[in-house]
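Single-structure report; data block below.
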Amino acid sequence: MAIPLNLHPDRLFPADTATRDLARRLYATVSALPIVSPHGHTDPQWFADNAPFADASALLITPDHYVFRMLYSQGMPLEELGIPRRDGAATDGDARKIWHAFAARYHLFRGTPTRIWLDHAFNTVFGIDERLTAESADRYFDRINACLAEPAFRPRALFERFNIEVIATTESPLDPLLHHQKIRASGWKGRVVTAYRPDPVVDPEFEGFAGNVAQFAALTGENASMWSGYLAAHRKRRAYFKTLGATSTDHGHPTARTSDCSTSECQRLLDRAVSGAITADEAETFRGQMLTEMAKMSLDDGLVMQIHPGSFRNHNPRVFREYGRRTDYVRALKPLLDRFGNERDLTIVLFTLDETVYSRELAPLAGHYPAVKLGPPWWFYDSPEGMQRYREQVTETAGFYNTVGFNDDTRAFLSIPARHDVARRMDCRFLATLVVEHKIGEDEAFELAPLLAHGLAKAAYKL
Ligand SMILES: [Zn+2]
């Protein structure tokens, strides 16, 4: 027996009818706006080669850590999901079997954003109108695979159908950006741009750091073992990334710590980083110095700077032990903000995995420094609940205009329209509440809705 899959038109809107009605009317003005995706991790090769996606499992399960993490948490071995093992041992690559295992456990995603995103993709992308269960698994698998074989489901066709105005991918400075070159050369009109993510060459604790710096030197013709040459190499790669559309950099540091050291100290830290002798504290100082250097370069070349602190914390017990659970933004960012916080031509977008700092630290910083903007809720908080808490905590101090719209921050391509739709619905819900409580006028809500859905991201990221 098939259970219907319905995307309710009022989903995520408030329950009371007055607010719901206004949220609905606001949403109607933004639901069809094009998608601006200024930060994410889609693979540029999809758009360069435009080859069909392999199958339902390879597209929707294997690459999505939200999906396999939940299945793993309920005792399903990752090998059975076809997740490649680091030791190269065999995994179960049977796509239909993987799909079945997933379908039989789809109830685990009740109440999670993953469920919202997947149902949205099943229904709007593949036209499926029954719920995914163990019983419907085969019909799903066959339908999705049949679709993927059609030209209309190739990456470029989906990009156009999703109404993506522009999407940014994220690449290492060592990446030759061949896929981006190929996209440009192909004459296809889809706008796919890169972003400069220098972690492999600015984090002394990054795997293979010394080799990465050597490669960085070879790639740029700079003497990257000298501090001045190392910085020059960054400037060259940033300029190259800009030729392939980059408007931003992204920094995934363990903490938000910044530094402002003398040139001789920078050289000493670089020497120690390359030799592998650097201590954990020195590595943190070096990364912090590089945030300050990147801000300085951004002031020169106009690239918007994004800082995603805390992302490596779980992988790094030592940093966790030494720097603790909380990312202290106010003190950590002081060296950088002392130098560049008042620059009106610089944009630093701050993200957090610690919601407790929104009202206490981040919103006050964004509500004061011209250079600082607040990124949208990230990672675990990319959910209706996380978005609601975000608006409630930051708006009173930072307003709307110190925020930068939505980031989908994903490599799950099919979830992109769903994620933007959730953000638009939640923002319209928040605006509707402000209107019915007489905090802003209705006309102001109608002016803000398209900005939150589209305009702020486009402006903040210079897209
Ligand atoms: Zn990201």
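Here residue 284 meets the list (1) more than 30 Å from residue 168 (Cβ to Cβ); (2) of a type in the set (D, E, K, R); (3) buried (at least 22 other Cβ atoms within 10 Å of the Cβ) almost entirely, failing just condition (1). Screening residue 426 on (1) within 16 Å of the ligand (Cβ to nearest atom); (2) touching a Leu at 6+ places or on another chain (Cβ under 8 Å); (3) not acidic (Asp, Glu) shows it passes everything except condition (1). Candidates in region 15-47 are the residues that are part of a loop (DSSP other than H, G, I, E, B) and open to solvent by 10 Å² or more (accessible area, probe 1.4 Å); of these, the one that is farthest from the ligand (Cβ to nearest atom) is 16.
The number of residues in region 252-310 that are out of contact with any His (no Cβ under 9 Å at 6 or more places or on another chain) and part of a strand (DSSP E or B) comes to 1.
Taken across region 194-205, residues that are buried (at least 17 other Cβ atoms within 10 Å of the Cβ), within 16 Å of the ligand (Cβ to nearest atom) and polar (S, T, N, Q) do occur, with at least one present.
From the list 246, 295, 256, which one is at pLDDT 95 or above, within 21 Å of the chain's Cα centre (by Cα), among the aliphatic types (A, V, I, L, M) and within 16 Å of the ligand (Cβ to nearest atom)? Full working, then the answer.
Working: 295 fails: within 16 Å of the ligand (Cβ to nearest atom); 256 fails: at pLDDT 95 or above.
Being at pLDDT 95 or above, within 21 Å of the chain's Cα centre (by Cα), among the aliphatic types (A, V, I, L, M) and within 16 Å of the ligand (Cβ to nearest atom) holds for just one of 246, 295, 256, which is 246.
Pairing residues of region 188-208 that are over 16 Å from residue 177 (Cβ atoms) with residues that are assigned to a loop (DSSP other than H, G, I, E, B) and open to solvent by less than 40 Å² (accessible area, probe 1.4 Å), at Cβ distances under 7 Å and at least 6 apart in sequence or on separate chains, gives 199/252; 204/278. Report, by residue number, each residue of region 444-458 that is under 21 Å from the mean Cα position of the chain (by Cα), over 13 Å from residue 28 (Cα atoms) and open to solvent by less than 60 Å² (accessible area, probe 1.4 Å). If the condition is that a residue be under 21 Å from the mean Cα position of the chain (by Cα), over 13 Å from residue 28 (Cα atoms) and open to solvent by less than 60 Å² (accessible area, probe 1.4 Å), then 451, 452, 454, 455, 456, 457 are the ones that fit.
Return a yes/no flag: does region 109-120 have any residue that is open to solvent by 60 Å² or more (accessible area, probe 1.4 Å) and touching a helix residue (DSSP H, G or I) at 6+ places or on another chain (Cβ under 7 Å).
Keep residues of region 109-120 that are open to solvent by 60 Å² or more (accessible area, probe 1.4 Å), which gives 110-111.
Adding the requirement that they be touching a helix residue (DSSP H, G or I) at 6+ places or on another chain (Cβ under 7 Å) leaves none.
No, region 109-120 contains no residue that is open to solvent by 60 Å² or more (accessible area, probe 1.4 Å) and touching a helix residue (DSSP H, G or I) at 6+ places or on another chain (Cβ under 7 Å).
The values are calculated or read from the model by the stated rules, or taken from the named source; none is laboratory data. No experiment lies behind these values; they were computed from the predicted model shown. Glycine also receives a Cβ, built like all others from the backbone with ideal geometry; neighbour counts cover every protein chain displayed. All accessible areas refer to the heavy atoms of the entire protein, side chains included, with ligands and DNA or RNA removed. Shrake-Rupley method; radii C 1.70, N 1.55, O 1.52, S 1.80 Å.
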